[in-house]
Amino acid sequence: MSVAAFMFPLLFVLVLTGIPIAFSLIVVSAGAGLLAFGPHVFGQLYGSFYSAATNFILSAIPMFVLMGAILERSGIAERLFRVMQIWLGRLPGGLAVATIAMGAVFAAAAGVVGAVEVMIGMMAIPAMQRYRYKNSLIAGTICAGGSLGTMIPPSVIAVMYAALAQISVGELLAGMMLPGLLMIVLFIAYLIIQGMIDPPEPVDFVDDIATMSLREKLWVTLTSMLPICALIFAVLGSLLAGIASPTEAAAVGAVGALLLCILYGRFSLTMLRESLKITVRISAMILLIVAAGTMFMGTFAANGGSRLIRDAVEAAGFGNAGMIVFFLLIVLLLGFVLDWTANVLICVPLFAPFIRQAGIDPIWFGTMAIIVIQTSYLTPPMASSIFYLKSIAPPDMTYGQMCRGVVPFILLQLATLAIVALFPALATWLPSQIVGF
Amino acid sequence: WQVPTSVPEGSPFYVNFLERFADNVDLLTSGRVEIEPFGAGVLVPALQVYDGVRDGIIKAGHSTPSYLVNQDPINAIFAGFPGGMGPEAYITWIYEDGGKEALYDLRASEGFKSLIVGIGSSEIMAHSNVPIKTAADLKGLKYRTSGPWAEVMREYFGAVPTVVPPGEIYTLLQRKGVDLIEWGPPSANLPEGFHEAAKYIIVPGVHQPTFLWEVVLKQETWDAVDDDLKPLIEKAAEMTTMEGLIHFYSADVKAMETYRSGKNEIITLDPTFVTELSEAGVDWITKKAAAEKDAGKPAMDDLLTKYKAFEATWSAESKYLIRNQD
Amino acid sequence: MTRLFSIVDGFSLVLSRIADGVAIVLVTAMIFEVAARYLFSAPTIWAFDISYMCTGTLFILGAAYALREDAHVRIDFLAEKLPPRLRRTIEGVVFFLLLTPIFAGLSWFALQRTLRAWTSNEVEMVSPWAPVMWPFYGLLALGLVALTLQVAVQGLRAFLGHTHSSFDLEV
Ligand code: NA
Ligand code: NA
C-alpha cells in the first residue's frame, strides 16, 4: 500500500485535533518526505517553501489585504453600507445583495480569491452586524462573494489551469464569463427571496434615514459612491487597459485606498501602522498555508500519489459522462484539504490527457472544473473561505455559524454546475464568438 | 528515477523531451531503468533543478542551460543565443563536431554527468500588437523577453525589455500592456493562445535560433549505474533528441499553417534586417566572452572560437542542401 | 523559562515590525513600476524580483509573530470537545517534539543555502537584473530560525500550561 494513501487520513486527524492547518500539512509532509527522500528531506521541503516564497503571483495577496485593511479604517464601509441602506433598505436582503455585488466587482478587479474575501469581509461584517443580519447569513454571503474571484476574470486559477491543460487562456476566461454571471444572478435571487422569508430584525437607528431630505441622501451617496467608484475604476481600469498586471493593480488599489483615507480625514500614522500589522499577520497566515500545501503536494507526488490516481482511472474504464463525474468528484474531495493551487497542480495534469483522448470539449470541462474548485473553496470542514473569514471575523461569529451559512451557496454553485453540464453552450458559445484583437 | 523538469507537466518540452526520454529508456533497457517524469515545482523549485541534483534531493533532473547563463555566461553558447546557429547546423556541431564533448566536460567540472535530452527548433521572434519591419520599428517598444536577447534589444535597438511572469503574458499582450512578446517555437506558442491576443507574428526566430535541454545526474549516481545499461541510456537520450527535433519541425509547420489560415498577419523579416539583428547578437556574446577572458576565464572565448569556426564552414558549404523554402 | 519565552516573543515581534516596512517597499516598488512603464515607457528591470522577494520576506518574517498571536487558522470545533489536558499534550507533542526538529532542519538547510549563495556569489537565475541572492536567502533563513524558536516556545507553553490572552487552548 502506498504511503501517499495514508497522507490524507493523517492530515485529517491532525487538523481535527486543533493543530493549525499549515502546521498539520508540514508534519505530514515531513513524515512522507522522510520516507521518499531520506536524509535530503529538509532540502526538498525547503525547495517547496522556496517555491511558495518566490511566487510573483502571490504578491497580490499582501497588497489586496492592505487595501482592505486601509479601506476598513477609512470609514468607507459604513458610508457605503449607509448608502446601500438608503437605496436598498426596502429591498429584502439589501445589504447581503450589496455584499455579493461588491464581491463580484472586486472579483473583477482581483485574481486572488482569499484577498477579495478578506477585503469585502472587512467592509461588510461590521455593517451587516449593525443591521442585525444573522451571523450565518453574513458568513455565507461573504464566503460566497469572496469566492467569485475564481469565476470572474481576471482569474489566476483560470490562467494556471489553462497553462497546465494546454488550452487557450482567452477561451477559458470567455467560457467562464456566462456561468460566472449566472452564478451571481442565482446568489442575488436567493438573497432577495431569503430576505423576504426571514428578514433581519429591525434596528432603531435607521430612523434618521427616514428623516433625511432627498438632498442629504444624494449628497451622502455622491461623497461615498464617487470615491469608491474611482477606486474600483483605478484597479479595474488599470487592469483592463493593460496598464497594470493583476499584481500591480493590487498596489494601485492599496495606494488608492490610502488616498481615500486621506480624503476622508481618517489618515494617521497609528492607522497606517495598524493596517500594516494586520497585513503582515494575514499574509503570513495565508502564505504559510500555501507553502505547506506545496510541501504536501511535493511529498504526495514523490510517494506515488499521482500514479495512484492515474492507475485508478485506467482501471475503472469509465464512459465519458462517468469520467467527467469522477474527475469533478476528485477535484471536489481534494478541495476539502488542499488549497486551489495544489488542487489545480495535481488534478489538471492528471486529467487533461484523458479529457483530450475522450474528445470532451476542454473549455467546457475546464469551466466545470473551475466551478467545482470554487465550490470546494466553500465546503466545510476544511474550507479556505472559512479560514480567511475566521482570520477577520469578530469573536461572536462561530465556526458552526460559518459552516451553516455557506450551505445554501454551495447548493447554488452546484446548481450552476448542473446547468452548465446540461447546457454546454453556456461555456462554449462565447469563446466561439470572441475576437482576440 | 524520479526526474523533475523546469516546465509544467503537459507542456511540449515535457511531453516531447522528458516523457519521450522516459519511454525510450524503458524500451531500450527493457524496463530495467524506470524514469518517472515530474512537472515543474513539484519535487524541487522550477528553476533550481540543477541545485536539486547537486544537493542529492533528486537523482536526476531535466532543465536547460538558459537558467545558468546569469551564473556562468558560457552556458549561453549551449542554450542557443541571438544570432547563433539554427537547429540543423547546431545539432550537427553538438553530435559530430565537438559540441557535446564540450558540454559534457563543462558539466563534469561541476560534478555532473549530463545527457542531452532535447534540441529545439527556432522560436517565433514575436507575437506583436504592432508591425515590425525595420530596426526603427523596435525603438521604444515594450518587449517581453529575457536573457541575452533582452540585453541586445535594449543596447542595440532601443527597445524596452519587460519582465512579465508566465501566467500574465497573455493578458498583458492582449490588453496592450506590452507591445510584443517572445515565448517558444510555433507549436509551443499555439496552445498558449498568443496568436489570439495579438495580430502580428514576426519570424524568423533570430533571438533563439535553437535551444537545448539536458538531463543531469551526479557523477556518483551515474557511476553506480550498471555498465551494460550506460550505453543504452546514452542511446535513449540521443534517440530522444533526434525524434524530439523532428517532431518539433512537424508540429511547427502545422502550427504556422494554422496561424496563416487565421486572422494573423505573419511578417517575415527582410534578410538585411535579420543580418543586422544577428550581428548584434553575435557582437553581444563576443564581448561577453572577451570580458570573461579579461577576468581570467578564457574557457568561453575558446569555445566560442570553435563554435564560430564550425558555423563559418557550415555557412560557406551548406548551399548544396535543398531546404524547400518559399 | 518565562524570561526565555519573552525573549523569543520579542525577537518575533521585532521581525514582524521589519515585515511591516517590507510591505511598504513592496507597494512602492509596484507603483513605481506601473508609473515607469505606463507613463515613461521605461519599465525597471528590478521590480519583478523586488516584488517576489518582498512578499517572501514579509511572509516568513511575519510567520513567527503570527504564531505568537495564534493567527494561524485552526479548526477547533471538534478539538474544543477534548479535555484541555489532552489538548495541551497533543499541542505540546506536535509543536515541541515534531515541529521543532522539522523547522530546525529547515533552518539549518536555509542557513547552508545562504552560505553557499554567499561563497559562490550566486545570482538570480532568469532575471535581467541578476541580483546577488544571499541577502534574500539570509532573510528567509532568519525568518525560519525565528519560527523554529517560536514553535518550540509554543510547544513548551502547552506542556507547562502557560496560556495568555491570545493563546488560549481552554476555549
Ligand atoms: Na473545502
Ligand atoms: Na523564449
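The values are calculated or read from the model by the stated rules, or taken from the named source; none is laboratory data. Please read all numbers here as calculations on a predicted model, not as lab measurements. When we count neighbours, we look across all protein chains shown, and the Cβ atoms used for this are built from the backbone with ideal geometry, even at glycine. SASA here: full protein model, heavy atoms, side chains in, ligands and nucleic acids out. Shrake-Rupley method; radii C 1.70, N 1.55, O 1.52, S 1.80 Å.
For (1) surrounded by fewer than 18 Cβ atoms within 10 Å (Cβ to Cβ); (2) under 25 Å from the mean Cα position of the chain (by Cα); (3) within 16 Å of ligand 2 (Cβ to nearest atom), each residue gets a yes or a no:
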| site | (1), (2), (3) |
| --- | --- |
| B:201 | no, yes, yes |
| B:209 | no, yes, yes |
| B:220 | yes, no, no |
| B:225 | yes, no, no |
| B:236 | no, yes, no |
| B:243 | yes, yes, no |
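Take region A:385-401 and flag every residue that is within 12 Å of ligand 1 (Cβ to nearest atom) and more than 9 Å from chain C (Cβ to nearest Cβ).
A:385 - this is the single residue of region A:385-401 that is within 12 Å of ligand 1 (Cβ to nearest atom) and more than 9 Å from chain C (Cβ to nearest Cβ).
Kindly indicate whether any position in region B:71-86 is open to solvent by 20 Å² or more (accessible area, probe 1.4 Å), out of contact with any His (no Cβ under 6 Å at 6 or more places or on another chain) and among the hydrophobic types (A, V, I, L, M, F, W, C).
Here is the first cut: in region B:71-86, the residues open to solvent by 20 Å² or more (accessible area, probe 1.4 Å) are B:71-72, B:86.
Narrowing the set further to residues that are out of contact with any His (no Cβ under 6 Å at 6 or more places or on another chain) leaves B:71-72, B:86.
Then keep just the ones that are among the hydrophobic types (A, V, I, L, M, F, W, C); that gives none.
Checked region B:71-86: no residue is open to solvent by 20 Å² or more (accessible area, probe 1.4 Å), out of contact with any His (no Cβ under 6 Å at 6 or more places or on another chain) and among the hydrophobic types (A, V, I, L, M, F, W, C).
Taking residue B:132, is it modelled with pLDDT of 85 or more and assigned to a strand (DSSP E or B)? Working first, answer last.
Numbers: modelled with pLDDT of 85 or more: yes; assigned to a strand (DSSP E or B): no.
Answer is no for this residue.
Looking at C:19, C:79, C:110, C:23, which is the one that is touching a Lys or Arg at 6+ places or on another chain (Cβ under 7 Å), at the interface with chain A (Cβ under 8 Å from one of its Cβ atoms) and open to solvent by less than 60 Å² (accessible area, probe 1.4 Å)? Spell out the reasoning first.
Working: C:19 fails: touching a Lys or Arg at 6+ places or on another chain (Cβ under 7 Å); C:110 fails: touching a Lys or Arg at 6+ places or on another chain (Cβ under 7 Å); C:23 fails: touching a Lys or Arg at 6+ places or on another chain (Cβ under 7 Å).
The unique qualifying residue is C:79.
Considering every residue within region A:20-27, establish whether at least one is closer than 30 Å to residue B:1 by Cβ and facing another protein chain (nearest Cβ under 9 Å). Full working, then the answer.
Filtering region A:20-27 for residues closer than 30 Å to residue B:1 by Cβ gives A:25-27.
Applying the additional criterion that residues be facing another protein chain (nearest Cβ under 9 Å) yields A:26-27.
For region A:20-27, residues closer than 30 Å to residue B:1 by Cβ and facing another protein chain (nearest Cβ under 9 Å): present.
Kindly evaluate residue C:38 against the criterion of being aromatic (Phe, Trp, Tyr), within 8 Å of chain A (Cβ to nearest Cβ) and more than 21 Å from residue A:55 (Cβ to Cβ).
Numbers: aromatic (Phe, Trp, Tyr): yes; within 8 Å of chain A (Cβ to nearest Cβ): yes; more than 21 Å from residue A:55 (Cβ to Cβ): yes.
Here the answer is yes, as residue C:38 does meet what is asked.
Exactly one of these conditions fails for residue B:183: (1) within 22 Å of residue B:69 (Cβ to Cβ); (2) crowded, with 21+ Cβ neighbours inside 10 Å; (3) within 12 Å of another protein chain (Cβ to nearest Cβ). Give me its number.
Among (1) within 22 Å of residue B:69 (Cβ to Cβ); (2) crowded, with 21+ Cβ neighbours inside 10 Å; (3) within 12 Å of another protein chain (Cβ to nearest Cβ), the lone unmet condition for residue B:183 is (2).
Of the residues A:420, A:407, A:372, which single one is away from chain C (no Cβ under 14 Å) and within 12 Å of ligand 1 (Cβ to nearest atom)? I'd like the intermediate steps shown before the answer.
Values: A:420 fails: within 12 Å of ligand 1 (Cβ to nearest atom); A:407 fails: within 12 Å of ligand 1 (Cβ to nearest atom).
Of the residues listed, the single one that is away from chain C (no Cβ under 14 Å) and within 12 Å of ligand 1 (Cβ to nearest atom) is A:372.
Take residues that are out of contact with any Ser or Thr (no Cβ under 7 Å at 6 or more places or on another chain) and away from chain A (no Cβ under 13 Å) and tell me which of the helices (runs of 4 or more DSSP H) falling wholly in region B:1-106 contain 2 or more.
On the way: elements: B:20-28, B:49-54, B:75-79, B:87-96.
Output list reads B:20-28, B:75-79, B:87-96.
Are there any strands (runs of 3 or more DSSP E) wholly within region B:168-278 with 2 or more residues that are over 20 Å from residue B:120 (Cβ atoms), and if so which?
Values: elements: B:200-203, B:212-218, B:265-268.
Those strands (runs of 3 or more DSSP E) span B:212-218, B:265-268.
For region C:53-73, state whether one or more residues are surrounded by fewer than 23 Cβ atoms within 10 Å (Cβ to Cβ), modelled with pLDDT under 85 and in a helix (DSSP H, G or I).
The answer is no; no qualifying residue exists.
Could you tell me how many of the residues in region B:155-167 are open to solvent by 30 Å² or more (accessible area, probe 1.4 Å) and either in a helix (DSSP H, G or I) or facing chain A (nearest Cβ under 7 Å) (or both)?
Qualifying residue count for the region: 3.
Report, by residue number, each residue of region B:130-154 that is on the phi < 0 side of the Ramachandran plot, within 14 Å of chain C (Cβ to nearest Cβ) and open to solvent by 30 Å² or more (accessible area, probe 1.4 Å). If you could, list the steps in order and put the result at the bottom.
So the first thing to find is which residues in region B:130-154 are on the phi < 0 side of the Ramachandran plot, and the list is B:130-139, B:141-146, B:148-154.
When the remaining residues are screened for being within 14 Å of chain C (Cβ to nearest Cβ), the result is B:130, B:138-139, B:141-146, B:148-154.
If the condition is that a residue be on the phi < 0 side of the Ramachandran plot, within 14 Å of chain C (Cβ to nearest Cβ) and open to solvent by 30 Å² or more (accessible area, probe 1.4 Å), then B:130, B:139, B:146, B:151, B:154 are the ones that fit.
Looking at (1) within 20 Å of the chain's Cα centre (by Cα); (2) away from every other protein chain (no Cβ under 14 Å), which is the one condition that is false for residue A:264?
Status for residue A:264: all satisfied but (1).
Of everything in region A:1-15, what is within 12 Å of chain C (Cβ to nearest Cβ) and crowded, with 18+ Cβ neighbours inside 10 Å? Give them in sequence order.
A:11, A:14, A:15
Looking at B:122, B:187 in this structure, which one is out of contact with any helix residue (DSSP H, G or I) (no Cβ under 6 Å at 6 or more places or on another chain), away from ligand 1 (no atom under 16 Å from the Cβ) and in contact (Cβ under 8 Å) with a residue 12 or more places away in the chain? Show your work before the answer.
On the way: B:187 fails: out of contact with any helix residue (DSSP H, G or I) (no Cβ under 6 Å at 6 or more places or on another chain).
Step by step, each of B:122, B:187 is checked, and only B:122 is out of contact with any helix residue (DSSP H, G or I) (no Cβ under 6 Å at 6 or more places or on another chain), away from ligand 1 (no atom under 16 Å from the Cβ) and in contact (Cβ under 8 Å) with a residue 12 or more places away in the chain.
Quickly run through region B:132-156 and pick out the residues that are touching a helix residue (DSSP H, G or I) at 6+ places or on another chain (Cβ under 8 Å) and more than 19 Å from residue B:183 (Cβ to Cβ).
Going residue by residue through region B:132-156, those that are touching a helix residue (DSSP H, G or I) at 6+ places or on another chain (Cβ under 8 Å) are B:132-135, B:138-139, B:142-145, B:147-149, B:151-153, B:155-156.
Matches in region B:132-156: B:133, B:134, B:135, B:139, B:155, B:156.
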